Amino acid sequence: MIRLQYFSQAVPTTTIRDIKEVLVSARRKNKEMDITGVLVSGGSIFLQILEGPEQSVLSLYLKILQDKRHTDVEIMRVTPIIDRLFDDWSMAFVESTPLEFQQIMEVKSAYFALGEPQEFLTAMHGLINVLRGQEKSIGASR
Ligand SMILES: Cc1cc2nc3c(=O)[nH]c(=O)nc-3n(C[C@H](O)[C@H](O)[C@H](O)COP(=O)(O)O)c2cc1C
């Protein structure tokens, strides 16, 4: 399996409502493809983490890359994994308001601290804890 993380920029015409609609079908498809992860919306920035079988994650990423609802899609990292971080969610969704935008930025800066995978994991676990606290509002259990 692999874990792929990227950032992107929502186009101005894309609303949270559009994204929530995307998520409804995304969750169904992700289940079929054995993909789990999280989509974080921080203002106009998206951070998405996709985990699952390599072929499935890469082919989904290619679709997402071409999606006109966002732009400047920038891969942070792709790592081979044995265990999933987001085992419980076909695609969790977090809006920045409850999450605090800073949390997203911590994940981003942890990435840029190259050679510090532990920092990255610490930031991810912070995010997961936030998610677990909000499970009700996320409504994306597998
Ligand atoms: C920010 C963002 C995240 C997305 N995440 C997913 C996802 O996790 N799973 C998914 O199937 N589609 C996701 N999509 C939608 C895909 O880009 C694409 O529209 C969808 O897979 C349908 O493709 P298809 O009509 O070729 O099957 C996302 C789109 C955006 C803009």
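Miscellaneous remarks
- Scanning the stretch 55-70 for residues that are of a type outside the set (G, A, S) and either near the ligand (Cβ under 9 Å from one of its atoms) or surrounded by 13 or more Cβ atoms within 10 Å (Cβ to Cβ) (or both) returns V57, L58, L60, Y61, K63, I64, L65, Q66, D67, K68, R69, H70.
- Between I19, I35, I81, the distinction of being closer than 22 Å to V130 by Cβ and surrounded by fewer than 16 Cβ atoms within 10 Å (Cβ to Cβ) belongs to I81 only.
- Neighbours by Cβ (under 6 Å, 6+ apart or cross-chain): first from the stretch 65-80, touching a residue at least 60 places away in the same chain (Cβ under 8 Å); second aliphatic (A, V, I, L, M): H70/A10; T71/V11; V73/L65; V78/I2; V78/L4; P80/I2
- Residue check, E51 within 22 Å of V130 (Cβ to Cβ) and at pLDDT below 85: no
This table checks each residue for (1) within 24 Å of A123 (Cα to Cα); (2) more than 10 Å from the ligand (Cβ to nearest atom); (3) assigned to a loop (DSSP other than H, G, I, E, B); (4) among the β-branched types (V, I, T).
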residue	(1), (2), (3), (4)
K20	no, yes, no, no
A26	no, no, no, no
R77	yes, yes, no, no
I82	yes, yes, yes, yes
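- Taken over the stretch 32-54, the criterion of being more than 8 Å from the ligand (Cβ to nearest atom), touching a residue at least 40 places away in the same chain (Cβ under 8 Å) and within 18 Å of L85 (Cα to Cα) is satisfied by T36, V38, V40, L47, I49, E51, G52, P53, E54.
- Filtered by the rule that a residue be closer than 14 Å to I35 by Cα and part of a helix (DSSP H, G or I), the stretch 52-62 gives E54, Q55, S56, V57, L58, S59, L60, Y61.
- Of the residues making up the stretch 78-121, those that are modelled with pLDDT of 85 or more and over 14 Å from V38 (Cβ atoms) are V78, T79, P80, I81, I82, D83.
The values are calculated or read from the model by the stated rules, or taken from the named source; none is laboratory data. Computed from a predicted model, the values in this text were never measured in an experiment. Neighbour counts run over all protein chains shown; Cβ positions are idealised from the backbone, glycine included.
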